[in-house]
Each structure stands twice: as structure tokens, then as C-alpha cells.
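S.K.: Take a look at the following structure, please.
Read-outs: derived from the displayed coordinates by stated rules, not from any lab. As the structure is a prediction and not an experimental result, all values here were calculated from the model. Positions of Cβ are generated from backbone atoms using ideal geometry, with glycine treated the same way; all protein chains shown enter the neighbour counts.
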Amino acid sequence: MSKNLVIVESPAKAKTIKKYLGKGFEVLASYGHVRDLIPKEGAVKPDEDFAMKYQVIERNSKHVDAIAKAIKKADNLYLATDPDREGEAISWHLYELLRDRNALKDKGVYRVVFHEITKRAINDAVDNPRELSTDMVNAQQARRALDYLVGFNLSPLLWKKIRRGLSAGRVQSPALRMIVEREDEIQKFKPREYWTIESDNEKDGQAFNAKLTYLRGKKLSQFSINKEKQALAAEKELLEAAQGELTVSSIEKKQRKRNPAAPFTTSTLQQEASRKLGFSTKRTMSVSQQLYEGIDIGDGAVGLITYMRTDSVTLANDALDEIRELISERYGAENVPKQARQFKTKAKNAQEAHEAVRPTSARNIPETIKSHLSSDQYKLYNLIWKRTVACQMAHATIHTVGVDFAVGEGNVLRSTGSTVVDPGFMAVYEEGVDDAKKSSGDENRLPPMEEGDKVKLLKIRPEQHFTEPPPRFSEASLVKTLEEYGIGRPSTYATIISTLQQREYVTLEKRRFQPTDVGTIVSKFLTNHFTRYVDYDFTAKLEDELDEVSRGEKEWIPLMKEFWYPFKELVKDKEESVSRAEVTTEALDEDCPKCGKKLNIRLGRRGRFIGCSGFPDCDYTRNLDDDGESSEPEVVEGRTCPECDSPLIIRAGRYGKFIGCSSYPNCKFIEPLEKPEDTGVACPKCSKGTMLKRKSRRGKIFYSCSTYPECDYAVWNQPSATPCPDCGWPMLTVKTTKKRGTERVCPQQDCKFAEPWELETTEENDAE
């Protein structure tokens with residue numbers, strides 16, 4: 001039997017595939033990309049048709065050597081990297097490296113592609129290989145070259161015009177622009193007052209409410225009643241007309257059908273995992289990678305889901321058959337539609353050759369394999385399984401009813417309610433939504449009523465409201481918007497978001513993105529001076545053109561030339577014509593209280609602040625959020641310094657606000673503005689204090705003894721008042737990792753105790 005060498009990207013995948021192929025096959029991992037552009041100027045040569053200079057990635061050189069050694073003993077090489085553009089490029093780079101070493105002489109070289117790691121899929125792929133796709137490789141090279149040229153030319157410009165150490169990205173910059181523009185909308189937003197009139201009612205002992213829809217014969221819009229005086233007048237009129245009861249004037253009954261959502265694409269999986277599990281896009285992709293590559297569920301490792309980088313919503317016929325059989329068995333034949341549901345993708349240039357993200361076998365029911373999965377793996381697999389099964393179930397049938405109540409001449413109160421008559425797919429899964437407010441009819445249960453019936457009026461409630469600004473982007477809504485604009489591709493959403501955070505252009509506050517001062521300035525500089533290159537349509541069009549290259553419909557070198565030469569000239573022009581002060585300074589129509597010159601908003605080491613334009617002759621400054629009317633520090637009421645009895649004040653430092661002594665620098669007493677939370681767990685080192693939850697200067701949570709500095713015991717993970725069963729240390733800690741999920745572990749270095757653990761309450765469980 002001939003010896004065959006198979007190359008995949010990860011060792012976990014290699015282990016699973018080796019099991020399926022058996023004897024005659026050796027499976028090795030490349031550990032991701034094996035080559036990349038040299039990390040210095042000149043790696044891409046535009047004047048030489050964009051020739052690229054690559055080097056072996058240092059951390060993976062030993063893996064390349066191992067592959068080169070193994071191919072000597074093999075007759076055939078099967079390149080089985082991921083079925084997307086990046087996977088194709090990894091195979092090509094490896095092929096080029098091995099060919100340059102003369103390691104492929106008299107060897108058969110084949111490209112194999114599969115979208116699920118099952119025995120059938122693997123053997124089918126090996127039996128039906130293809131050649132490397134030059135078009136896909138060219139598309140990946142073009143994308144990499146574009147990102148390199150933008151980074152190596154824009155980043156130095158940002159250093160000169162804003163601050164050293166900054167960088168810009170071709171796709172990340174439009175995403176940053178989205179976040180900054182949304183923040184501008186929020187800051188400019190002016191709330192409008194409006195009032196609603198609702199009634200509390202009762203019939204046959206059942207309470208319900210209704211809302212005023214017509215007043216004096218005129219249909220009400222959102223701002224029809226916008227003053228308290230109008231609302232109170234309407235309340236008085238309704239109470240006088242009703243005299244304690246309402247009359248049913250009309251009843252409208254409807255029946256509607258609700259169909260299930262399509263199976264997951266990469267984008268919708270990231271969105272739903274964010275809404276329902278509280279997962280970041282990076283966390284979602286990491287866990288889904290684990291599920292795809294293979295997990296031992298009792299009979300050896302098996303891939304539990306299909307390939308997770310896809311924008312297709314199609315399902316294979318054999319998968320459809322299996323899902324429909326399962327539905328019939330578990331949920332009844334009545335929940336199986338006559339024909340399998342087919343869905344159409346909404347994504348531009350979707351890769352329809354791929355499948356949607358689905359379980360490799362619907363028979364792998366989440367509850368039955370839960371013991372083999374980490375907490376994160378189970379949560380995500382359960383989500384994918386339910387969505388996939390639900391998409392092939394019968395529609396839900398919902399009855400809605402609208403009841404109008406006449407109150408005097410021309411006044412109408414309306415009450416709506418709904419009842420799920422047949423849940424259909426909703427018995428298994430219901431899709432989440434972003435920033436949605438429940439309508440009044442969602443939870444309003446109505447008693448049986450007929451026209452002419454009288455119901456008891458308990459109360460008329462005028463309620464004041466104000467319009468709200470648009471919400472900041474969550475990870476889910478940002479991914480959704482990027483997809484709608486055609487910016488990025490399934491494999492890039494997580495990278496885009498993590499890059500913006502790593503560069504400290506945005507922060508995630510209460511699961512919403514806020515731009516930092518630096519991020520705002522970078523975005524506005526790029527938007528003002530590189531308008532075309534952060535334009536949403538331009539970025540989307542470039543993505544479409546790269547897709548065309550991958551399909552052989554467009555040449556990559558003309559595409560590169562079309563982008564590069566105008567971009568290069570623009571960088572050169574802005575380097576000469578734009579000053580740093582122009583970018584980092586914003587003039588204010590306000591005089592300096594110290595010298596009378598105009599004030600500016602400036603960018604400093606710690607962010608933006610207000611300073612005098614006469615600097616350095618005038619050193620007046622204040623925080624951006626100060627109104628300038630008072631520079632007096634805020635005094636902490638009812639407390640004095642425990643060391644010198646001086647008043648305590650709230651001060652601002654490098655790492656935020658804190659409480660300090662007003663006698664500083666004579667007295668240097670300080671304490672956190674937010675008191676540390678007491679966990680109630682006794683300190684295992686001194687047994688005198690308890691473990692307090694604290695925040696480091698960098699914002700990271702840790703736990704330390706309340707008697708500090710007398711006792712310096714501290715841990716990074718949440719303490720648990722349970723002794724270690726192995727070494728007897730009085731305390732365990734709760735630790736969560738991507739690989740192992742949540743565990744209780746012993747904090748002692750020389751003790752290896754660990755056990756699976758489910759937190760009683762987590763943000764993921766509570767998030768919708």
C-alpha cells in the first residue's frame with residue numbers, strides 16, 4: 001500500500017482525520033499559515049506587478065521541517081486545509097516551500113476539500129481530489145497585499161499627524177467609522193417629549209390595559225400629545241366620559257403564520273451567540289472551531305458541526321432527510337412540513353458550494369453528549385442544533401385580537417393581544433433580535449369579549465416619554481451592519497472587531513462599543529482626508545472584486561493597480577498638506593478664563609482635554625466634560641481623612657477617578673472610588689481577612705485579602721469557599737478557559753486539582 005501524507009491546519013483536526021483514514025495515511029498539521037510577507041517595507045513591489053517577498057513564519061518553521069521530512073517517505077501529498085480562500089493559500093504556500101526544497105519530485109500532489117469532518121466526507125474528499133485553485137490563491141494574495149500596502153503607508157502617516165504607535169487597516173477603518181458616526185448621532189441627539197394615555201381595565205377578574213388611539217375623532221401619532229397640560233386634559237375628558245366603565249365597540253381577530261429563521265451562516269451565528277449567550281465574535285469562532293475539528297464523545301473524536309466560515313443557508317439532502325426523521329420522532333409528524341424548507345441567502349456573492357453551519361448529525365442530541373463537552377462547547381452546539389432542527393419544522397400559528405373601546409364622542413382606546421395556538425418550530429427555537437422593544441400586545445392577555453360588552457375602568461394613566469438616541473453598536477448589531485454593507489467576509493468579522501479593541505480605538509462598555517478619543521480622531525482624519533478608502537460602498541465593491549478574482553472572473557494585478565496608484569498619491573499629498581495641529585486640535589468658541597485667548601480641544605497622552613490656544617505661554621486646562629464654571633473639587637460628604645482628619649475629595653488620575661485627601665501632597669491617603677466587593681471567602685493565607693473583589697489599574701478584575709498590606713495574598717480567579725480535596729488548601733478558584741470551559745481549580749502551583757463547574761448565574765445565561 002502506498003504511503004500518503006495528508007496536511008491539515010490544526011493538530012486536533014489531524015487526530016480526528018487520522019482515525020477515519022486509517023493505515024496508509026499519515027496526517028500532519030501546518031498549524032495555520034506557514035509563510036507570510038516579510039514584516040518590513042518592500043515586501044510588496046508595485047512596480048514589479050506586485051511581486052511579493054515571503055518568509056517562513058518562525059513559530060511554524062519546525063512544522064514545515066516535519067512535513068518536509070515526512071514527504072520523503074510518502075508517495076502522495078494530500079493538501080486538506082480549510083475550504084476557504086485562506087485555506088487554499090496555506091496549501092499553495094506549503095506546496096511552494098516543498099517544491100523549492102525539491103521534496104515533491106515524483107510525488108502526486110492533490111487538493112482535497114471537505115465541509116464536515118465525518119468519515120463519509122473525508123473519504124469522499126480523498127477519493128475526489130482536485131488541483132490547487134490559482135484563482136483563489138490570487139484573490140488571497142491580492143487581499144493580503146492590499147492590507148499590507150494600506151498598513152505600511154497609512155500607519156506612518158498617523159504617527160506623524162496624530163500619535164506614534166497608531167495603525168490603520170483597510171477593512172477595520174470603515175468599521176471604526178460606523179462606530180464613531182453612531183456616537184456622533186448620539187451626542188447630537190436632542191430628545192423630544194411626548195405623552196401616551198393608557199388605561200388599566202378589568203373584566204371577569206382579569207386585568208388588562210388599553211392605549212388611546214383616537215382623541216376627539218383624530219388619530220393620534222407619536223407627538224400628537226407633547227405637553228403635560230394636553231395629557232391631563234385628555235385624562236380628565238376620558239374619565240368624565242367613561243364614568244368608570246368602557247364599552248367594546250369593535251373586535252378584530254386575525255390569524256398569522258410565522259416561519260422559522262434560516263440555518264446559521266457565520267454572521268448569524270455570531271449575532272445569535274452574542275444575543276443569547278453573551279459570546280464575543282472571537283469566542284464564538286474559537287468554540288465553533290473546536291466543534292468542527294473534532295471532540296471525543298465516547299467513540300473517539302468526531303467533528304460535531306460543519307465548516308463554520310460560510311455565508312450559505314443551504315443544507316445537504318441527506319442532512320435534510322435525517323433532520324425531518326428526527327422531528328417526526330421527537331416532536332410529532334404534524335411538525336414536519338410536506339416539503340423540506342429551502343432558504344435563499346441575503347449575502348452578496350455567497351459561497352453556495354458550502355453548507356450552512358449545522359450539526360454533522362442531528363442524532364447527536366445536545367443533552368446526550370453534554371458530559372463530553374465544555375460549558376462553552378455545549379452552549380454553542382445546543383444553539384446550532386436547535387436552530388438547525390427548528391428551520392425544518394412547521395410554522396407557528398398565532399391568533400391576534402384587537403379590541404376597540406368607545407369612550408365618549410370620537411375617543412377610542414385600543415387593546416391588543418396574541419395567543420400562540422400552535423407553537424410549531426417555536427417549541428424548539430426562536431430567533432433573537434437586536435434593540436427591540438416589546439409591543440403592548442406581546443404580553444397583554446385579553447379576557448373573552450363581545451361587541452357591546454362593558455368592562456371596568458380602573459385607571460387612566462398619562463405617561464411622559466422622551467425619544468431616545470439610536471443605540472450604540474453591540475457585537476451582534478455591528479456584524480449585522482457590516483454584512484448588510486458587504487464589508488468583510490465570514491472569516492473576517494471576528495478579526496475586525498478584535499483589531500479595533502487591540503488598537504484601543506474602541507472599548508466595550510456594557511456590551512456596547514464606544515470609540516476612544518484616539519479612535520474618534522483617527523476615524524475623522526481618515527474620513528476627511530481618505531474619504532474614498534473608508535467609504536462603505538467602495539470597501540464593499542473591493543470585496544466583491546476580490547470575490548470575482550477568486551472565481552476567475554477578474555484579473556488581480558489590474559485590480560491592484562487601480563487601487564494602489566491613486567492611494568499612493570493621496571498619501572503623499574496629505575503628508576505635505578495636513579498639519580498635526582489641524583488633525584488633533586478642534587477650535588472652541590470660548591475664551592480662556594486665565595488669559596482671554598480662545599480655547600481648543602486638544603489630544604493629550606491621556607485623551608482629549610480643553611486647553612488654551614496660547615500654550616505654552618498660558619497653561620490653562622480642564623477636562624472635556626467640565627463646564628468650566630467651577631474648578632472646585634467634589635467633596636466626599638460625611639467623611640474625613642482617617643490619617644489627618646482633612647476633608648476627602650474626588651480626584652482624577654491616570655487610571656480614572658479616586659478618593660484622596662485634600663491635604664495632598666502633605667497627606668497621601670487614597671482609596672478607590674468604588675469600594676471593593678467582599679466575597680465573604682476567608683483568606684486562606686492569614687485567616688484574618690476576607691477576599692475582596694478589586695480592579696487593577698488596567699481594569700482587570702482580581703481578588704485579594706482585605707487586610708492588605710499586612711497580607712499580600714491575591715488571585716486572578718473568583719474564590720470559592722471549598723477546601724481542595726487533593727491538597728487541603730482552604731480555598732478553590734473558579735477558572736474559565738476556551739479549551740476546558742469553566743472549572744474549579746486549586747490555586748496552589750504544585751497542586752493540579754480541577755473539576756468541571758457550572759456557575760449559578762452568568763451573564764451569558766441572562767443575556768437575550
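S.K.: Report the label-to-label distance for Lys73 and Glu334 in nanometres (one decimal), using points 7 Å from each Cα along the Cα→Cβ vector.
M.R.: In this crude label model, Lys73 to Glu334 measures out at 6.2 nm.
S.K.: Let me ask something additional. Starting from 0.36 nm per residue, how many nanometres of slack lie between Arg130 and Lys370 once their C-alpha separation is accounted for?
M.R.: 82.6 nm
S.K.: Given N residues in the range 677-766, what is Rg(Cα) / (2.2 N^0.38 Å)?
M.R.: After normalising by residue count via 2.2 N^0.38 Å, the value is 1.09.
S.K.: What is the mean projected area of the alpha carbon convex hull for the range 320-413, to one decimal in square nanometres?
M.R.: The directionally averaged projection comes out at 11.7 nm².
S.K.: Would you mind checking which residues have amide H under 5 Å from Trp729's amide H? H placed 1.01 Å from N; only 5 or more apart, or other chain.
M.R.: It is Cys724, by chain and number.
S.K.: Label points 7 Å out from Cα along the Cβ direction at Lys105 and Ala207: separation in nm?
M.R.: Distance between label points: 8.9 nm.
S.K.: Take every Cα pair under 8 Å in the chain that's 6+ residues apart, average their separations, divide by the length, and report that relative contact order as a whole percent.
M.R.: Reported as a whole number, the value is 13 percent.
S.K.: Here's something else I'd like to know. Determine the shape class of the range 451-594: with a ≥ b ≥ c the square roots of the Cα gyration tensor eigenvalues, call it rounded for a/c under 1.5, and otherwise prolate if a/b is greater than b/c, oblate otherwise.
M.R.: Since a/c reaches 1.5 but b/c is at least a/b, the shape of the range 451-594 is classed as oblate.
S.K.: Which order results if Val180, Val479, Val583 are arranged by neighbouring Cβ count within 10 Å, fewest first?
M.R.: Fewest-to-most ranking of Val180, Val479, Val583: Val583, Val180, Val479.
S.K.: Next up: With θ taken as phi - 60° and the coefficients 6.51, -1.76 and 1.60, list the Karplus ³J(HN,Hα) couplings across the range 332-340 in order, rounded to whole Hz; mark glycine and proline as x.
M.R.: x, 4, 5, 9, 9, x, 4, 10, 4
S.K.: Here is a further query. So, with +1 on the Cβ of K and R and -1 on the Cβ of D and E, and no other charges, what is the size of the charge dipole of the chain about its Cα centre, to the nearest 20 debye?
M.R.: So the dipole magnitude of the chain works out to roughly 1780 debye.
S.K.: While we're on this one: Rounded, prolate or oblate, given the Cα gyration tensor of the range 261-378, with a/c below 1.5 counting as rounded?
M.R.: oblate
S.K.: With each pseudo-label sitting 7 Å past Cα toward Cβ, what's the Cys686-Ser577 distance in nm, one decimal?
M.R.: The modelled label-to-label distance comes out at 6.5 nm.
S.K.: What is the fewest-to-most order of Lys597, Lys668 by other Cβ atoms lying within 10 Å of their Cβ?
M.R.: Lys668, Lys597
S.K.: Let me ask something else. In what order do Glu468, Glu484 fall by count of nearby beta-carbon atoms within 10 Å, going from fewest to most?
M.R.: On the way: Glu468 10, Glu484 14.
Fewest to most other Cβ atoms nearby, the residues stand as Glu468, Glu484.
S.K.: Sequence-distant or interchain residues sharing an amide H contact under 5 Å with Arg461, placed H: which?
M.R.: Residues meeting the amide H criterion: Glu198, Ser199, Asp200.
S.K.: At a Förster radius of 25 Å, what calculated FRET efficiency corresponds to the Cβ-Cβ distance of Lys541 and Glu586, to the nearest 0.05?
M.R.: Values: r = 32 Å, r/R0 = 1.29.
That pair, Lys541 with Glu586, gives E of 0.20.
S.K.: Additional query: Using only alpha carbon positions, build the gyration tensor of the range 4-132, then give the equivalent ellipsoid semi-axes as the square roots of 5 times its eigenvalues, largest first, whole angstrom.
M.R.: 27, 15, 14
S.K.: Which label belongs to the value computed from this structure, given these candidates for Kirkwood radius over Cα pairs in Å: (i) 27.3; (ii) 34.0; (iii) 31.5?
M.R.: (iii)
S.K.: Now, a different point. Please list, in order along the range 582-596, the HN-Hα scalar couplings obtained from phi with the Karplus expression 6.51 cos²θ - 1.76 cosθ + 1.60 (θ = phi - 60°), rounded to whole Hz, x for Gly and Pro.
M.R.: 4, 7, 9, 10, 10, 5, 10, 8, 8, 8, 5, x, 8, 10, x
S.K.: Using helices alone, I'd like the mean residue ellipticity at 222 nm for the chain: each DSSP H run of four-plus residues gives -39500 (n - 2.57), total over residue count, nearest 500. Mind showing how you got there, number by number?
M.R.: On the way: 19 runs with 247 residues, N = 768.
When only DSSP H runs of four or more count, the value is -10000 deg cm²/dmol.
S.K.: For Lys598, which sequence-distant residues (separation of 5 or more, or a different chain) have an amide H within less than 5 Å of its own amide H, given hydrogens modelled in the peptide plane?
M.R.: Amide H neighbours of Lys598, under 5 Å, 5+ apart: Cys592, Ser613.
S.K.: May I ask you to derive the FRET efficiency for Asn259 and Asp619 from their Cβ-Cβ distance with R0 = 60 Å, giving the value to the nearest 0.05?
M.R.: According to the calculation, E is roughly 0.35.
S.K.: State the extension gain, in nm to one decimal, for the chain segment bounded by Lys386 and Glu637, taking 0.36 nm per residue of separation less the distance between their alpha-carbons.
M.R.: Here the answer is 84.9 nm.
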